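The values are calculated or read from the model by the stated rules, or taken from the named source; none is laboratory data. As the structure is a prediction and not an experimental result, all values here were calculated from the model. Backbone-built Cβ (ideal geometry, glycine too); neighbour counts: all protein chains shown. Areas reflect the complete protein model, heavy atoms only, side chains present, ligands, DNA and RNA absent. Shrake-Rupley method; radii C 1.70, N 1.55, O 1.52, S 1.80 Å.
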Amino acid sequence: MNILLVRVSSLGDVLHNMPIVADIRRHFPDANIDWVVEEGYVSLVRLNREVRHVIPFALRRWRKNLRDKAVRAEIGAFFRRVREVEYDYVFDTQGLLKTGVIMGAARVVKGGQKVGLANGSEGSGYEGISRIFHTKSIPLDPRTHAVARGRLVAGAALGYAVDTPADFGLPEVAGSEPRPDWMPAGPYAVYFHGTARDAKKWAPANWIALGRELAPMTILLPWGSPKEKAEAEALAAAIPNARVLPKLPMADAVMLARRAALAIGVDTGLTHIAAAFSRPVVEIYCDSPRWKTEGNWSPKIINLGDRGNPPTVAEVAAAAKSLL
């Protein structure tokens with residue numbers, strides 16, 4: 001059986017789609033699973049060895065240069081690759097027009113199905129027009145957890161119950177793996193303090209007070225934009241043993257999360273990556289609903305706060321110390 005997954009973005013959403021792969025392979029061990037994903041997240045999906053082919057999608061880059069002949073040729077090559085295989089099932093678990101178009105372009109065998117979401121989740125982007133590309137649309141409770149959404153869609157189409165903890169199919173850390181120059185030789189904590197929406201951030205004073213509670217543990221501070229870099233530098237100036245990292249490519253950012261002795265972060269993709277690797281993680285919710293993305297598959301993950309009710313420093317410090 002050949003199956004195509006279409007989940008192109010964003011980082012956290014791509015990650016939360018991964019347990020579909022293990023579910024399908026558990027019930028259909030011989031299934032071939034391909035995945036269309038934004039080119040920036042290819043390295044993450046490739047960590048899951050049960051995915052046969054990762055097909056890069058580069059809409060974010062293409063739409064800036066649509067008049068460029070080379071870009072148009074690249075778009076054509078993408079659609080040819082999507083159509084190389086006749087699939088038994090194509091799953092669009094994002095529910096947007098752009099993902100629906102990819103689903104529409106894919107070829108299916110006679111009797112094959114194109115399956116997607118009949119409705120969106122509360123507070124999530126969803127475009128009902130995407131249903132025109134479906135042969136089957138699966139309705140879900142609007143408050144379904146982000147990890148469960150895709151799992152339930154695939155299970156409903158393929159005829160199996162979703163009744164096991166989420167398995168992200170990510171590899172364990174091997175002691176022989178080389179460490180990059182920016183990574184300390186000993187255990188470290190990482191603060192995933194940055195996120196695109198300011199309301200989801202935890203107050204800088206809280207991060208500083210927490211860092212002093214965790215001293216002398218080394219704390220690494222990643223960043224993804226000039227604004228986040230400035231925020232990281234301000235934190236590092238006030239926290240003992242804190243270090244601002246260089247700007248990391250996606251593969252290194254994943255490694256940072258994967259090897260952390262402790263990760264503490266707001267509701268953002270890298271926090272969820274650390275949780276998917278079942279690292280000791282404290283997830284901090286300030287202005288997003290906890291039910292939607294909280295790590296609920298490992299006792300090493302502690303979720304604190306909720307929309308409009310951020311946790312205190314004392315709560316986060318107690319949780320962090322309980323995990324160390």
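Residues being open to solvent by less than 50 Å² (accessible area, probe 1.4 Å) and either at pLDDT 95 or above or in contact with a Lys or Arg (Cβ under 9 Å, 6 or more places away or on another chain) (or both): count how many of those fall in region 12-43.
Total satisfying the criteria: 21.
Go through the residues of region 180-187 one by one and say whether even a single one is open to solvent by less than 40 Å² (accessible area, probe 1.4 Å), under 22 Å from V147 (Cα atoms) and small (G, A, S).
no
Can you tell me which residue within region 163-195, out of those that are farther than 21 Å from M255 by Cβ and touching a residue at least 24 places away in the same chain (Cβ under 8 Å), is farthest from the chain's Cα centre (by Cα)?
T164
Could you check region 86-113 and list, in sequence order, the residues that are surrounded by 22 or more Cβ atoms within 10 Å (Cβ to Cβ) and β-branched (V, I, T)?
Within region 86-113, V90, T93, T99, I102 meet the criteria.
Residues of region 197-223 being under 21 Å from K247 (Cα atoms), at pLDDT 95 or above and part of a loop (DSSP other than H, G, I, E, B), which ones?
K201, T218, P222, W223, listed by residue number.
Quick check on this structure: which one of V153, V254 is part of a helix (DSSP H, G or I), at pLDDT below 95 and crowded, with 19+ Cβ neighbours inside 10 Å?
V254
Looking at (1) farther than 28 Å from G125 by Cα; (2) more than 18 Å from the chain's Cα centre (by Cα); (3) in contact (Cβ under 8 Å) with a residue 40 or more places away in the chain, can you tell me which one A260 breaks?
Going through the list (1) farther than 28 Å from G125 by Cα; (2) more than 18 Å from the chain's Cα centre (by Cα); (3) in contact (Cβ under 8 Å) with a residue 40 or more places away in the chain, A260 breaks only (2).
Among the candidates A236, A314, which residue alone is open to solvent by 40 Å² or more (accessible area, probe 1.4 Å) and in a helix (DSSP H, G or I)?
From the options A236, A314, the qualifying one is A314.
Considering only residues of region 15-47 that are assigned to a helix (DSSP H, G or I) and without any contact (Cβ under 8 Å) to a residue 60 or more places away in the chain, which is nearest to K114 (Cα to Cα)?
Once the filter is applied, the top-ranked residue is R25.
Inside region 44-56, can you point out the residues that are over 22 Å from P165 (Cβ atoms) and open to solvent by 40 Å² or more (accessible area, probe 1.4 Å)?
Those that are over 22 Å from P165 (Cβ atoms) and open to solvent by 40 Å² or more (accessible area, probe 1.4 Å): R46, R52, H53, P56.
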